[in-house]
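Below is one structure, written out as structure tokens; the observations come after it.
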Amino acid sequence: MPYRRTLRRAVGCTGIGLHSGKPVRLELKPAPAEHGIRFLRTDVGVEIPASIEYLARLDHATTLSRNGVSVDTVEHLLSALHGLGVDDALVEVDGPEVPILDGSGAPFVILIHEAGLKPLAVNRRYLKILKPVDVVRGAKSIRISPADHFRVSYVIGFDHPLLRHQAASFRVAADTFAEDIAPARTFGFLREVETLRRSGLALGGSLDNAVVIGETGVLNNRLRFKDEFVRHKILDAIGDLSLLGHPVVGHLEATRAGHALHAALCQRLWESPDAWTVVTHPELPVMGLPSLPLAAPSPRLALS
């Protein structure tokens, strides 16, 4: 029977926020069973659970907020914790945003490997999808359906010759996550940089922490994967779905989606309690295993 896991020891790093451009110190610390993943803003003393209930903004990043205090750009770290099977941890940050580091999940994977994992004497629980749930908005769509493992399949398409169409599909496990998903960096278009910065976003963005796409190609030296862009979308989706509170057993399929649609699917799931159950082993039949009551999403979140 799989057990919940936490970190064996504390580890930390420093960097800048992608959108704020401000320096920040981050520490990952062990936590007891059932603690979940929580962020502690050490500069103001407010703790924010990594839960859909505290999802606040989805403007080019995922933001959690509680009592007027927020932590921005949490998705890459959450993706790494989820992808490597960390159930319980305390994330301390001394500012309003998780450091962007190189723009991918790889530095967080390195930190987690450095910390090591420790099993806890409590069974892990999984959110098992029982029937399909989807959200469609024009050409954008997202769907989750039953499967015997967690798989993410993603299709993207942009009005740019490099990104007319990319597709990828991965079964999410610790090894495939670390090797095939985590290294994929965030990306943006050069033509949008000034607009973002006038809006107070991407103030810390650079060629060191994002793939920047010009009119004729990538401004960085080279891509880490030929399909790095769609792989990064998969990285984001894993982080956003971790806000459901349990590892998911199901097949996520997304087309031209993003943070807003990821969150909309999470909310649709909460509104469809017959579409999922919670089990103590991903491959156990659901018969005789009751669903566990989970908190409803916050009404503050606008997903339209």
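What follows is calculated from the coordinates using simple rules that are stated; it is not laboratory data. Keep in mind that what you see is a predicted model, and the values were worked out from it rather than measured. For neighbour counting, all protein chains shown are included, and Cβ atoms are generated from backbone atoms with ideal geometry for every residue, glycine included.
Taking amide H as placed 1.01 Å from N in the peptide plane, Glu97 has its amide H under 5 Å from the amide H of Asp72, each at least 5 places away in sequence or on another chain. Each label point was placed 7 Å from the Cα along the Cα-to-Cβ direction; for Glu47 and His149 their separation is 3.5 nm. Working from label points 7 Å from Cα in the Cα-to-Cβ sense, the Glu179 to Leu117 distance is 1.6 nm. 3J(HN,Hα) along region 21-37: x, 9, x, 8, 10, 10, 10, 9, 10, x, 9, x, 4, 6, 5, x, 9 Hz, from the Karplus curve 6.51 cos²θ - 1.76 cosθ + 1.60 with θ = phi - 60°, whole Hz, x for Gly and Pro. Residues whose amide H falls under 5 Å from that of Trp276, counting only those 5 or more places apart or on a different chain, are Leu130, with hydrogens built in the peptide plane.
First select every other residue whose beta carbon is under 10 angstrom from the beta carbon of Ile37; then total the charges, Lys and Arg +1, Asp and Glu -1. After counting each charged neighbour, the total is -1. Here the average projected area of the convex hull drawn through the C-alpha atoms of region 126-279 stands at 9.8 nm². Beta-bridge orientation, the chain: approximately 70 percent antiparallel, per DSSP, counting only bridges with both partners inside. Start at zero, step by 10 Å, and the Cα-Cα distances of region 20-141 spread as 11, 40, 33, 14, 1 percent across the bins. Antiparallel DSSP bridges in region 126-279: what percent, to the nearest 5? Here the antiparallel bridges make up roughly 65 percent for region 126-279. Amide hydrogen proximity for Val122: with H placed 1.01 Å from N in the peptide plane, the residues at 5 or more positions away or on another chain lying under 5 Å are Arg4.
From zero outward in steps of 10 Å, how is the percent of C-alpha pairs of region 1-60 spread across the bins? Result returned by the calculation: 16, 42, 34, 7, 0. Extents of the chain, largest first, come to 57, 42, 37 Å (Cα atoms, principal axes, whole angstrom). Put a dot 7 Å past the Cα of Ala139, heading toward its Cβ, do the same for Lys22, and the two dots end up 3.7 nm apart. Here the sum of -39500 (n - 2.57) over DSSP H runs of 4 or more residues, divided by the residues of the chain, equals -5500 deg cm²/dmol at 222 nm, to the nearest 500. Identify all lysines with a Cα-Cα distance to Lys233 below 16 Å; exclude those on the same chain that are fewer than 8 residues away in sequence. Partners found: Lys140.
Counting GluC sites (Glu not before Pro) as exposed when in a DSSP loop with at most 14 other beta carbons within 10 Å, what is the longest stretch of the chain free of them? Answer from the scan: 35-214.
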